[in-house]
Structures are given as structure tokens and as C-alpha cells.
Amino acid sequence: MTTATLRNPQDFITCPDTGQNINKPVIALAKAHIFTAVVYLLAGGALGLLVALTRWPAIHLLPSELFYIALTGHGAAVLLFWCHIFEVGVAYYFCTSPINARLATPKIAWFSFWLMVVGSAMGTVMVLLGQATVMFSAYPPLKAHPLFYLGVILFAVGALIPMFIILATLIKAKNERTYEGSMPLATFGTLIYAIIAIFTWVMGAVIFIPTLLWSMGLISNIDPQMYRLVFWALAHSTQQVNICMHITIWYSLAAILFGARPLNEKVSRMAFVLYLFALQLGSVHHLLSDPGSSFTWRTFNTSYAGYLAVLGSLIHGLTVPGGIELAQRRRGLNNGLFEWLRKAPWGNPVFSGFFMSVVFFGFLGGITGVTMSNQQINMIIHNTAYVPGHFHGTVATGTTLAFMAFSFWFVPFITRTKLAAPKLANMSVWLFGMGMSVFAVFFMAAGHLGAPRRHWDITFADAALKFDFSATVHMLTTVAEIGAAIGGVGALFFIISILGTFMGKKVADGVSVVPQLAEPAGVVAARLHGGTEPHIKGLEVPGSLVLCMLLLTFLVVYYFAQFKYMATIWGIH
Amino acid sequence: MSYTSIQPIPQRHWWRMRVGPDEKIWITVAYAWCLVMLVWMVGWYFVGNQNQAGEAFRVTVDGFVDKMDQMIEQHQLTDASGELMAEGDSEIPVVQVPVGGDIFLAARQFEWPVIPVLELGKEYTFHLSSADVNHGFSLLPINVNLQLMPGYDYVLRFTPNKTGIYRFVCNEYCGLGHHLMAGKLYVIDTANNIVLDGKGGITGGGA
Ligand code: HEM
Ligand SMILES: [Cu+2]
Ligand SMILES: [Cu+2]
């Protein structure tokens, strides 16, 4: 598989199953990062389960203070620590193996790993001690213990350093000419990921350092609006970072499983570059129902800039399944619109998790995200249960599900250990994918009826003025939380399988742990057609195009339905 | 072409490779939709009846709360026996400013300190703020949601189009008593004799 001759072969191990060369330090680093990330998913998932069992009206498990502690811990542990530690581990692989590069400065990589561990542990402990019950967003003037902010800062610095290591690695590889031609799409996605992440974590320092000083009494005041502006420049960008990495993983899995290549390199790369342009400005969609910003400013930021990012995602939405479709058709699965999809390996969690992640990210996270970042519609959605409903569609059934699917391939690959509990692994993606989508859909429905997010008791049993939501809202919440609980079980199965793999025994030489990489689809097609890859007349990927048009139709209908409702309420100017 | 997304591209001039018809169609349609959303959003600002951009002013928390207290002092309603109207254990004042007037509402941990009374179809200027931390203003059942912050006076003109009892709920986490924050608002129609019944409801309207 490797075309160029390997420089410094002593620094590499060649995977006997895939033929890929892996830089030795990357193996240990990837193991450490992913193991730690999965531990955070375990902690965060358990807290999420407690939160869900409390918002489930008939159970209402935790007392109020513990509920808010668990919710703060859940947000921080999964959104920050699970996702971003995982990504760094995977990024080290993507910036080295595909181009036969060696990681620059592994020592510093270990240093930043420990910074992340110490910072995240410090933050988590402060939350669990009840010293930082401020939600992960920590809007001042709500105040947490200084060690909480310090923990987040250490984590942010620990997450920032690897991005420079990635850039250095790519530059070094270029200088050393470790590969011929242009870098693969997976590596390019990782490069964009690193650039966006640099901006992101610098914003983290810009906002959390003054906040730390304020919590220590050294600064008298943090302007709450300024905080929200800079905080979302950080926190929205962290999502863009997540998306960049999970899309990189999508393309890679399509290559690993189907030998897929992008339909067109330029288009897929441009779609990544659009994220780069739109990134800082898009974060304003978190402030659309805040005081103090003009119509023009909102419009510029959410439309010009927001829609560039949306366009980027819509393009990947065609080219990721399109890559699979083209590869499958080249193998001869050419009947009708969807034979390529029907005959995909649905029994393999690497594929089923991956494909569900593509579909749910678009249909649940994407449609709703585009709709709610319309500045007027935002008002009928802001801070309701709709918001967590929406972002479990993006970050749980999109990002996390993609990471789970990838782990089932990647962890055996780096540990040279057979995947533990394959049956649980197989069930986990379905339980998590389906459970979390039920949660997303029903929580959004409850939000449409006004159910608030981050709320211990929507029956207001102890409130001075009595009020209760309708039975419908309680019913929707119940179904949502049942979905969340099922999703939690799915996450647990994933964790058991992956941690089990980490604890498992290395296989003997000659035994394989992952399948061979799929042969490039172009090569297969050329063989089937006697030497050259045939030229396709007309549409190359009609099935994927139909799926995309379906998504767009849903989006259009849903979007205007919101306006139809909004037109019936009070005049607001 | 013998490479995949995880292998270097051997082609020299890959950026000149032809873009397939599927991608061209999709990018055109997708971008057209983005433009429709842009035009629609701007259009709604000029034609639509719901826009929360409003205006906002920097204020001091004390200054704002003073204004709210003055409003309560001047406009708190009295019942048939001449007593000031208030509801709930914490005696939250029921306040009706003249039609077209200004209503000051500073949410605080953990209550909505005013119960406004509005006339149907009349425009009122709401000044929304907070006396301490961020709060979420959620007006139910119409589900209008705004972020309230100390030091900012968020000015929006509301024109109610239906009589009834409305509720405020706080939907931004504001501390350990966040879930206690339920508030109230009445929309009455004096001309058609839909008015307060003095017992926490309105006559002729919903309970
Ligand atoms: C493992 C299964 C999961 C369960 C059972 C679960 C459940 C929940 C529930 C019930 C809420 C509370 C919503 C509210 O009351 O406002 C919540 C909030 C949240 N979840 Fe999850 N979730 C899970 C996975 C995830 C994952 C994988 C992520 C991100 C990678 C995530 C990120 C968040 C965030 C950021 C919040 C908001 C916290 C806040 O409002 O400060 N969740 N989750
Ligand atoms: Cu965002
Ligand atoms: Cu609150």
C-alpha cells in the first residue's frame, strides 16, 4: 500500500493487517489519549444517566443540588474532555501514518497530555465537590472556585500545544519528503482541525484567565455580555473542532471500509476551508436572543458567515455518502438507487455506527441547527429543552457516534488486540444511536412547548407562584428520558468493549485484529473493466443526491413551519 | 485512480479535476437555499411582526431596580377593598401601567418580582434585566425566550394578541433555586369586560 519508500524505518511499526506504517510514539500516545477519553465518557455518561433519571418525571432521582452538580459534570466531562482528548489522540495518527511521517516532539506531546489530564481532573473534582455548580458555560456573575477555572485553563493549554505539534509534524514531513503528491484528505482535514483548534483554545485563555482572576478577587467585575461573546467564540468553535474531526473520520472510514476517495478533492477540501472562514463569526448564533446587538450585526454573522459553514456541511453531506456510493458502484453494486447502501456491511458496528452518525448529524442536528440559528426563530427556542435536544443530535449522535464507530476499528489497530465483547460492540451503536435520537427528537418537541433546559423540576412544586406544564410536556419528557437512558446503556456497552480491548491480550504474530484496508475502488473498477476505470456518464451518485434532496426538503418545510407558528404570537419589536 | 482518502493523491493537478454533475447540482441548490434563508431573514425584519433585536442600554443594577420599585409604587393595583394586590407567599405585586407605558422587570434569584397586567392589543415597552446573575426570560405558553443580564436593559415592545394568564419561567440556570422561578402576567380586555377577578384569575377568560 505504501508507495514512497519509508524513511527512518526504525521509528515505525508496520501493521501486519493493513500495511500501514505507524510511528512508534504515536501508538503509545494514541492509546493514552483514547483510554483517558473513554474514562471521561464513562464518568460523563454516568452523570448524564443520573440527570436523565432525574428529569424523567416519574423517577425524579436526584435532589436538586446534586442534579445541578451532575449536569455541570456531564457537560464538562463529555463535551470538553471526552471529545477533545479523543480527538488529539486520533489527530496524531492522521497527521503521521497516512503520510509516513514521524510525530514532531513526542516529549512535548506527553507533556500536553498530562496537562490535559491534570486540568480536566481538577475541573471535574471541583464540580463533584459542589464547588463549581455553574454549568460548563459558567456565566459570570455566577462564581465557581478558582481551581475550577484553573483546571479549565490547564486543559485548554494542554489541548492547544498538540495543535502546534501537528503543524510542526506536517511541515517536517513536507521538508523530509516523506510522501509524494499531495497530502490525503484525512490529513488535510486534520490540518484544518488544528488551525481551528488553535483559535478555539486561545479564546479559552482569553476568557478564562480574567475569570480566574475575578474569582480570586483580583478583578472586580467581568462584563456578563462580553463574557458570553468570548465564551461562545470558544465554545462554538470547540464544536467546529469536533465537526472537523468527525468528518475527517467519516472520510477515513469510507476509505478503510470501501476504498473510497472523495468524489472531487477540490470540492471536499473547499468544504473544510469554508469552516475556517466561517468559524469565529458563526458563534454569534448563541447570542441571538441576548440584549445589545444590532440587526445588521446578527444578520452578517449568522447568514453570510453562518451559511458558509452550513454550505460546508451540506457539501460533506453529499460527498461522504457519495464516496461510499461511488466505491460500491465501482465494485459492481450498481442496481437501482440504493443497492450500494442495502448491501453495505450493516452488521459491522464500524459501518453501522458511521452511517447512522452521518444520517443523524444531518437530519437531527443539521436541520434543527440551521433553523434555530435564524435570528427570529431563535427567540422561540432559546434556552428551552430544544437546545439540548438539538445538540445531542450533533455532538452525541453525530460526533460521539462517529468516534465510537472509529474506535471499533482504531483501538484494535493500535493495541494489536482483538476487539473485546464484539456482540456488545455491535449493539452499542444501535442502542446509542437510536436512544439518543429519541432523546433529541422528544426533547426538542418538549422545547417547542416551552419546557426549559437545565431544570430540576418543571412541576414547580416548591415555587411561590404555582405553575405546571401540560401533561403533554411531561409525556414528551418521559419518552425523551427513556431514550436517553437507552442511549446511556449503549454508551456503557461501547465503554465495556473498548476498555476490555485495552485490557485484553495482544494477539500472536500472524493473527489479524482488523481486516485489510479495502482496495482502492478505482483499482477494483479498472480490474473489472479490463484495465481502465470507466468514465461515468450522467449522475455518479444518484442515491446520495436523493438522500440530500430529502434532507433539504425536510429542512425547507421545517423552517417555514417555525415561521408559521411565530406569526401567530404577540408582536415583538 | 488508485488512492483513497487516507493516501496521498498521486495526481499532480488534482485541483483541475472535473467536478461531477451531482456535486454541481447539489452545491447550486444548497447555496440557493442559503440565500433564500438570508433574504427571508432580512425580509422578516422589515415585514414580520416578531423581531427580538430591539435595543439595549448599559445600566447600573441599582438604578434599574430603583426604576422597577418606582413603577411598583406608582402602579400597583388595589382590590375592591382598597388593599394592594399581590400574589404568592412572597407577595409579588400586581402592576398595571398605563397603556403604552414602560414596564421594568428585573429578574432575581429566585423570583420574578412583578406581575404585569396588559391590555389586549396595546403596545407596551418592556425593560428586561437582572438584579444579580443571568436569567432566562421564557414567556409561556407562547414560548418567547430571551437572555437577561445584570447591567443591561433589554428594551422590547410587546403587543399581546390574546387575553389570558401567561407565565414566566426562568430557563437559564441561575443558581440552586433556579427551578423556583415561576412568574405570572395577565392580558385583559377591559372594553369587553375581560378583567382580573381578584382571586388570581380573570373573568370571562382562561383560568
Ligand atoms: C451517554 C448518554 C447521554 C445521556 C443519558 C445524556 C443525557 C443528558 C441530559 C438528560 C441532559 C440534560 C438536559 C437539560 O436538562 O438541560 C444532558 C445535557 C447535556 N449533554 Fe448529554 N447525554 C448523553 C450523552 C452526551 C454526549 C455524548 C455529549 C457530548 C459529547 C453530551 C453533551 C451534553 C451537554 C453539553 C449537555 C448540557 C449541559 C448543560 O446544559 O450545561 N451528552 N445530557
Ligand atoms: Cu454554536
Ligand atoms: Cu434561573
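The values are calculated or read from the model by the stated rules, or taken from the named source; none is laboratory data. Just so you know, these numbers come straight off a predicted model, no measurement behind them. Every residue, glycine among them, receives a Cβ derived from its backbone with ideal geometry; neighbour counts consider all protein chains shown. Areas reflect the complete protein model, heavy atoms only, side chains present, ligands, DNA and RNA absent. Shrake-Rupley method; radii C 1.70, N 1.55, O 1.52, S 1.80 Å.
Scanning region A:200-236 for residues that are within 18 Å of residue A:154 (Cα to Cα) and of a type outside the set (A, V, I, L, M, F, W, C) turns up A:200, A:204, A:210, A:211, A:215.
Within the bounds of region A:503-510, is there any residue that is more than 10 Å from chain B (Cβ to nearest Cβ), in a helix (DSSP H, G or I) and under 29 Å from the mean Cα position of the chain (by Cα)? Walk me through how you get there before you give the answer.
If we filter region A:503-510 for residues that are more than 10 Å from chain B (Cβ to nearest Cβ), which is where we start, we get A:503-510.
When the remaining residues are screened for being in a helix (DSSP H, G or I), the result is A:503.
Next, from what is left, pick out any that are under 29 Å from the mean Cα position of the chain (by Cα): A:503.
Scanning region A:503-510 turns up at least one residue that is more than 10 Å from chain B (Cβ to nearest Cβ), in a helix (DSSP H, G or I) and under 29 Å from the mean Cα position of the chain (by Cα).
Condition first: surrounded by fewer than 22 Cβ atoms within 10 Å (Cβ to Cβ), outside any helix (DSSP H, G or I), of a type outside the set (Gly, Ala, Ser) and within 16 Å of ligand 1 (Cβ to nearest atom). Can you find one or more residues in region B:115-138 that meet it? Within region B:115-138, none of the residues are surrounded by fewer than 22 Cβ atoms within 10 Å (Cβ to Cβ), outside any helix (DSSP H, G or I), of a type outside the set (Gly, Ala, Ser) and within 16 Å of ligand 1 (Cβ to nearest atom). The condition of being free of Cβ contacts under 8 Å to residues at least 40 places away in the same chain, of a type in the set (Ser, Thr, Tyr) and closer than 30 Å to residue A:374 by Cα holds for only one of A:477, A:568, A:532, that being A:568. Pairs meeting the criteria (first residue in region A:207-235 and more than 24 Å from residue A:282 (Cβ to Cβ), second residue open to solvent by less than 10 Å² (accessible area, probe 1.4 Å) and in a helix (DSSP H, G or I), beta carbons under 7 Å, at least 6 apart or on different chains) are A:212/A:149; A:215/A:149. Could we say that residue A:327 is open to solvent by less than 20 Å² (accessible area, probe 1.4 Å), assigned to a helix (DSSP H, G or I), in contact with a helix residue (DSSP H, G or I) (Cβ under 7 Å, 6 or more places away or on another chain) and within 11 Å of chain B (Cβ to nearest Cβ) here? For residue A:327, the condition - open to solvent by less than 20 Å² (accessible area, probe 1.4 Å), assigned to a helix (DSSP H, G or I), in contact with a helix residue (DSSP H, G or I) (Cβ under 7 Å, 6 or more places away or on another chain) and within 11 Å of chain B (Cβ to nearest Cβ) - is met. Any residue that is at the interface with chain B (Cβ under 8 Å from one of its Cβ atoms), open to solvent by less than 30 Å² (accessible area, probe 1.4 Å) and over 26 Å from residue A:550 (Cβ atoms) - is there at least one of those in region A:270-282? Checking region A:270-282: not a single residue is at the interface with chain B (Cβ under 8 Å from one of its Cβ atoms), open to solvent by less than 30 Å² (accessible area, probe 1.4 Å) and over 26 Å from residue A:550 (Cβ atoms). In region B:176-200, the qualifying residues are those that are open to solvent by 10 Å² or more (accessible area, probe 1.4 Å) and part of a loop (DSSP other than H, G, I, E, B), and the one that is nearest to ligand 3 (Cβ to nearest atom) is B:176.
Taken over region B:31-83, the residue count meeting the criterion of being surrounded by 14 or more Cβ atoms within 10 Å (Cβ to Cβ) and more than 24 Å from the chain's Cα centre (by Cα) is 4.
You will find that of B:13, B:75, the residue that is closer than 30 Å to residue A:100 by Cα and more than 7 Å from every other protein chain (Cβ to nearest Cβ) is B:13 and no other. On inspection, residue B:3 fails the criterion of being under 29 Å from residue B:126 (Cα atoms) and facing another protein chain (nearest Cβ under 7 Å). For region A:272-299, the candidate set comprises residues that are small (Gly, Ala, Ser), away from ligand 2 (no atom under 14 Å from the Cβ) and more than 19 Å from residue B:39 (Cα to Cα); within that set, the residue that is farthest from the chain's Cα centre (by Cα) is A:292. Return only the number of the condition from (1) modelled with pLDDT under 90; (2) assigned to a helix (DSSP H, G or I) that residue A:239 does not satisfy. Every listed condition holds for residue A:239 apart from (1).
Comparison of A:77, A:28 shows that the only residue that is of a type in the set (A, V, I, L, M, F, W, C) and out of contact with any helix residue (DSSP H, G or I) (no Cβ under 8 Å at 6 or more places or on another chain) is A:28. Residues in region A:245-269 that are among the polar types (S, T, N, Q), part of a helix (DSSP H, G or I) and within 7 Å of chain B (Cβ to nearest Cβ): A:252 only. Counting just the residues of region A:427-455 that are open to solvent by less than 40 Å² (accessible area, probe 1.4 Å) and facing another protein chain (nearest Cβ under 8 Å), which one comes out nearest to residue A:563 (Cα to Cα)? Per the stated criteria, the residue is A:450. When A:465, A:499 are checked against the criterion of being more than 18 Å from the chain's Cα centre (by Cα), within 26 Å of residue A:28 (Cβ to Cβ), of a type outside the set (Lys, Arg) and surrounded by fewer than 24 Cβ atoms within 10 Å (Cβ to Cβ), a single residue qualifies: A:499.
With respect to the stated conditions, residue B:169 is assigned to a strand (DSSP E or B), among the β-branched types (Val, Ile, Thr) and either touching a helix residue (DSSP H, G or I) at 6+ places or on another chain (Cβ under 7 Å) or within 16 Å of ligand 3 (Cβ to nearest atom) (or both). With a requirement of 3 or more residues that are of a type in the set (A, V, I, L, M) and open to solvent by 20 Å² or more (accessible area, probe 1.4 Å), the helices (runs of 4 or more DSSP H) lying completely within region A:1-107 that satisfy it span A:24-55.
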